[in-house]
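Structure first, then comments.
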Amino acid sequence: MSYSNSIIFGPIPSRRFGISLGIDLSSGKKQCNFDCLYCELEGAKTVEKMDEFPSVEDIIKEIKNSFLIHPKIDVLTLTCNGEPTLYPKLNELIDEINKIKGNTKTLILSNGSTIYKEDIFNTLLKIDIVKLSLDCVSEKCFKKLDRVNSSVETQKIVPAMVHFSKQTTNDLVLEILFVKDLNDNEAEISLLYDAVTKINPKRVDIGTIDRPPAYDVKPVAYEFLEKVANRFGNVNVNIVYKNRPKLIQSFNIDEIISMLKRRPLTNEDIENMFDDNSKSILNVLLKDKIVTIINSSGVDFYKCF
């Protein structure tokens, strides 16, 4: 089977990572060790490994061709109709991409399920931005929401993420997707909070269903995500939510400092919360270096230490 015409997609603008060129490691069919209830792809039987995949040579050829046509690419995004770390030649592929990427960064979008495997762990260390999903911590939640393949040892995932965060010199981003009545309960949120604290990623993206899911499940409200973000404290939490509500308010200097000490805010947060006077105060705080802008894997956060 030839994949040469469907390996590459884009480039497309990403709010979180810049201009992204997608690399689909399983364009022919869904090959995943999860069958998440919220997946935008159709439900499919889980697999332990891929049985159809493009060659490293074909992928590199397509990337080189894309670079000729689109010289301004910020990230090469490794993804697939399923789980990209199941691609059996991932280590070789990353080595070959790193030879030709120049200033372009590599990014992988993984469900995090294989990070405890030594070969995958070591390969991920070579990637500039590693984005891992972590919707659940308890085995019960993994089975109910992510519907994992029997080969996945879920109890090893969080410890391996903690170890990876300590080992990597690159960017680690976590993504948590909340689904109503599945992982939005107090017990799971507490487990997630403890896990995030131990993992200590550069950034956490939290969101909910915003595209038609494979199964009949419902999103949580924006207000819920905001409460979770506030609870996560001084972690760089980016709320990903379509059509998020605007609640423009006026804040004084003490309120802004207190707010940013409690939780860093993104540009999108500021636009949705601050009136013009509050923005002026924020600019003064920036000028006086009381507030600092920190870029975390492509997203700017306003922080007050």
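The values are calculated or read from the model by the stated rules, or taken from the named source; none is laboratory data. These numbers come from a predicted model, not from an experiment. Every residue, glycine among them, receives a Cβ derived from its backbone with ideal geometry; neighbour counts consider all protein chains shown. We work out accessible area using only protein heavy atoms, side chains counted, and drop any ligands, DNA or RNA first. Shrake-Rupley method; radii C 1.70, N 1.55, O 1.52, S 1.80 Å.
Brief remarks follow.
- All positions within region 86-119 that are on the phi > 0 side of the Ramachandran plot and over 21 Å from the mean Cα position of the chain (by Cα): G102
- Highlighted here are the helices (runs of 4 or more DSSP H) found entirely within region 187-305 that include at least 2 residues which are within 30 Å of I157 (Cα to Cα) and in contact with a Phe, Trp or Tyr (Cβ under 7 Å, 6 or more places away or on another chain): 222-231.
- Here L182 clears all of (1) open to solvent by less than 10 Å² (accessible area, probe 1.4 Å); (2) of a type in the set (A, V, I, L, M, F, W, C); (3) in contact with a helix residue (DSSP H, G or I) (Cβ under 7 Å, 6 or more places away or on another chain); (4) outside any helix (DSSP H, G or I) except the condition numbered (1).
- Looking across region 52-89, the residues that are under 18 Å from I120 (Cα atoms) and either open to solvent by 60 Å² or more (accessible area, probe 1.4 Å) or touching a Pro at 6+ places or on another chain (Cβ under 7 Å) (or both) come down to F53, L78, P88, K89.
- Test: V137 is assigned to a loop (DSSP other than H, G, I, E, B), buried (at least 18 other Cβ atoms within 10 Å of the Cβ) and either within 17 Å of the chain's Cα centre (by Cα) or modelled with pLDDT of 95 or more (or both): yes
- Residue check, G28 surrounded by fewer than 20 Cβ atoms within 10 Å (Cβ to Cβ), modelled with pLDDT under 95, within 24 Å of K144 (Cβ to Cβ) and of a type outside the set (K, R): no
- Within region 87-107, residues that are under 24 Å from D51 (Cα atoms) reach partners that are part of a helix (DSSP H, G or I) with beta carbons closer than 6 Å, at six or more positions or on different chains, in the pairs K89/V56; L90/T123; N91/T123; E92/V56; L93/V56; I94/T123; E96/V56; E96/I60.
- Filtered residues of region 177-193 (kept if more than 14 Å from C39 (Cβ to Cβ) and in contact (Cβ under 8 Å) with a residue 40 or more places away in the chain): F178, K180, N183, D184, A187, E188, I189, L191, L192
- Taken over region 50-83, the criterion of being touching a helix residue (DSSP H, G or I) at 6+ places or on another chain (Cβ under 8 Å), in a helix (DSSP H, G or I) and not basic (K, R) is satisfied by V56, I59, I60, I63, F67.
- Condition check for K246: open to solvent by 70 Å² or more (accessible area, probe 1.4 Å) and farther than 16 Å from N183 by Cβ: yes
- Of all residues making up region 197-221, the number that are in contact with a Lys or Arg (Cβ under 6 Å, 6 or more places away or on another chain) and surrounded by fewer than 18 Cβ atoms within 10 Å (Cβ to Cβ): 2
- Pairs with Cβ under 9 Å, 6+ apart, first in region 49-61 and touching a residue at least 24 places away in the same chain (Cβ under 8 Å) and closer than 15 Å to P84 by Cβ, second among the β-branched types (V, I, T) and assigned to a helix (DSSP H, G or I): I59/I97
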